[in-house]
Amino acid sequence: MRMVVTDNKKRIYDIPHLEAAGMEGGHFFRLSRADFIKLPHGSELFTLPGRIPVGYDPAINKFSVFSNLYAVAAFTSPGYTVTHNTAYLESPKAAMLPLFSYGAVTSFKGEFYVAAVRVDRERRQDLRFMDIDNVKTGVKEIIKLFPKNRLIRHLKGCALTYGCPAAKNFFLKRYEAPLPTSPYCNAMCIGCISHQPKKGCSITQPRIKFKPTPGEVAEVALYHIKNVKDPVVSFGQGCEGEPLMVGDILNESIKMIRQKTSKGMINLNTNASLPGTIAKLFDEGLDSIRVSLNSVNTKYYTAYYKPKGYSFKDVKRSIKIAKKKGGFVSLNYLTVPGFTDLKGEFSAFKDFIGKHKVDMIQWRNLNYDPVRYFTEMRIKPAYADMLGMKYVINALSKRFPKVITGYFNPSNRRIKRGKRL
Ligand code: SF4
């Protein structure tokens, strides 16, 4: 499991006599073959500016540092959860890393491997099934059908300019279609990919600038539901703020959709900040919610989400209401090795799953600088407190046999299958 680095010309090397090391919360780990999987198709390799690579030297049983080279990390494709970050030390004055996740990489028999586990087998966002020419054909076809629909034009930009897999799937008539609606948000997440207050940390896609009408939303949703066998349509996308901020549009859209069809799942990806609005949406016909959180500890939740006008109590109330109304509840668990697998985080999360009768855990890598995150959370994690991401994922799967482990918003058939892959 050779160490992989780049030089100042971004040429990638492996160092045969050194092993790749992992990092959790600034602590270095010696990794073994069992920690790695082949780099999944569609993943990307990054060279990290201002990051000095750290490897393990078995000859002297020590970690070694290379100040004239750069660390390499993998941004894994959807469906995989990183268990160890790439190991590095920050150079003085290094800038914050952009909003991606940074998995440990090694080379083995001429191929790249990453420290990650597969949590979902669906090929929903597998680029091998998303030919860009087919996407373009779909764009032409659907815009011709709905020339006045501004939301479809917005999704065209998402698919062709920003490469959004959800928007591409809409134009390919596959799996799940996105229904972005809200230019506003009542949180200021440090890792928000559509709005960044801080200088120096760029967003990965701009926020939608208009509120689509319920008619425009329903047109997109109904077209998708009609043309896909086991469809999901989802409010709450990376290119918008919080959909609950435009609850009336969601309510009216769901009413228009359910007046025409009972097919498919209507899902809401949300920060679950407004329990009253959540209640109305389920009364109107919403089927499922996916609640995003980095922690169930209020202090870490608040440090990440910086909520405005709501608190973590409201989030818990929303989940209770959703369950009471028979809704399917997923948690979009934003994971960071060295934080998520801390004993305290693990036991609090375990209690939360049991108490709130959560139906699914979506293990999502948090796209954030893996060293600066701990500064933001004001925590210096202890090595002895780390259980390992793999342990945490497996232990919760065993502890809650009915709770689905995955990555993607489930369709009706997926829910029926439960834990069966
Ligand atoms: S809740 Fe969503 S849209 Fe709002 S700041 Fe957080 S990530 Fe961004």
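Using heavy-atom solvent-accessible surface (probe 1.4 Å) with all chains present, what is the largest-first order of LEU99, LEU172, LEU127?
Per-residue accessible area, sorted high to low, gives LEU127, LEU172, LEU99.
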- Task: Compute the distance in nm between two label points, each set 7 Å from the Cα along the Cα-to-Cβ direction, one at ASN8 and one at LYS229.
- Result: 5.6
- Item | Mean Cβ count within 10 Å, highest first, over the residues of peptides 162-171, 246-255 | 162-171, 246-255
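Taking only the Cα atoms of the range 366-420, how large is their convex hull per residue, in Å³? It would help to have the intermediate numbers written out before the result.
Values: hull volume 6.3 nm³, N = 55.
Dividing the Cα hull volume of the range 366-420 by its residues yields 114 Å³.
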- Message: Output wanted: per-residue J couplings in Hz (rounded whole) for the range 111-118, from phi through Karplus 6.51 cos²θ - 1.76 cosθ + 1.60, θ = phi - 60°, x for Gly and Pro.
- Response: 10, 8, 10, 10, 7, 7, 10, 8
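If a/c stays under 1.5 just call it rounded; otherwise compare a/b with b/c (prolate if a/b is bigger, oblate if not). Do that for the range 2-118, with a ≥ b ≥ c from the square roots of the Cα gyration tensor eigenvalues.
rounded
Can you give the net charge of the other residues whose Cβ lies under 15 Å from the Cβ of LEU69, counting K and R as +1 and D and E as -1?
Numbers: positive: ARG2, LYS9, LYS10, ARG11, ARG51; negative: ASP7, ASP14, ASP57, GLU90.
Residues near LEU69 contribute +1 overall.
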- Message: Solvent-accessible area of ASP230, probe 1.4 Å, all protein chains present, reported in Å² to the nearest ten, please.
- Response: 40
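I'd like to compare 46-53, 324-331, 344-351, 375-382: which one has the highest average count of other Cβ atoms within 10 Å, and what's the full order after that? It would help to have the intermediate numbers written out before the result.
On the way: 46-53: 19.8, 324-331: 17.4, 344-351: 15.9, 375-382: 14.0.
Order by mean packing, descending: 46-53, 324-331, 344-351, 375-382.
For LYS398, LYS390, what's the largest-to-smallest order of accessible area, 1.4 Å probe? Present the calculation step by step, with values, prior to reporting the outcome.
Details: LYS398 165, LYS390 75 Å².
Ranked list, largest accessible area first: LYS398, LYS390.
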- Query: Hey, with R₀ at 41 Å, roughly what FRET efficiency would ASP131 and GLU284 work out to, going by the Cβ-Cβ distance, to 0.05?
  - Reply: 0.65
- Item | Spin-label model distance (nm) - LEU145 vs THR161, 7 Å beyond Cα toward Cβ | 2.4
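Going by average Cβ density within 10 Å per residue, which order do the peptides 105-117, 135-147 take, highest to lowest? Could the numbers behind the result be given before it?
Working: 105-117: 19.4, 135-147: 14.5.
In decreasing order of mean packing, 105-117, 135-147 become 105-117, 135-147.
Would you work out the relative contact order for the chain, in percent, from Cα pairs under 8 angstrom that are 6 or more residues apart?
Numbers: 879 pairs, mean separation 61.0, N = 421.
Across the chain, relative contact order equals 14 percent.
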- Note on the structure: Within the chain, the percent of DSSP beta bridges that are antiparallel, given to the nearest 5, stands at 60
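Based on the alpha-carbon gyration tensor of the chain, what equivalent-ellipsoid semi-axes (square roots of 5 times the eigenvalues) come out, in whole Å, largest first?
Numbers: eigenvalues 270, 116, 79 Å².
Over the Cα atoms of the chain, the ellipsoid semi-axes are 37, 24, 20 Å.
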- Item | the chain - mean residue ellipticity at 222 nm from DSSP helices (-39,500 (n - 2.57) per run, n ≥ 4, rounded to 500) | -9000 deg cm²/dmol
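The values are calculated or read from the model by the stated rules, or taken from the named source; none is laboratory data. These figures come from a predicted structure and were not determined experimentally. Virtual Cβ from ideal backbone geometry, glycine too; neighbours counted across all protein chains shown. Ligands, DNA and RNA are stripped out before the accessible areas are found, and what is left, the full protein with its side chains, is counted by its heavy atoms. Shrake-Rupley method; radii C 1.70, N 1.55, O 1.52, S 1.80 Å.
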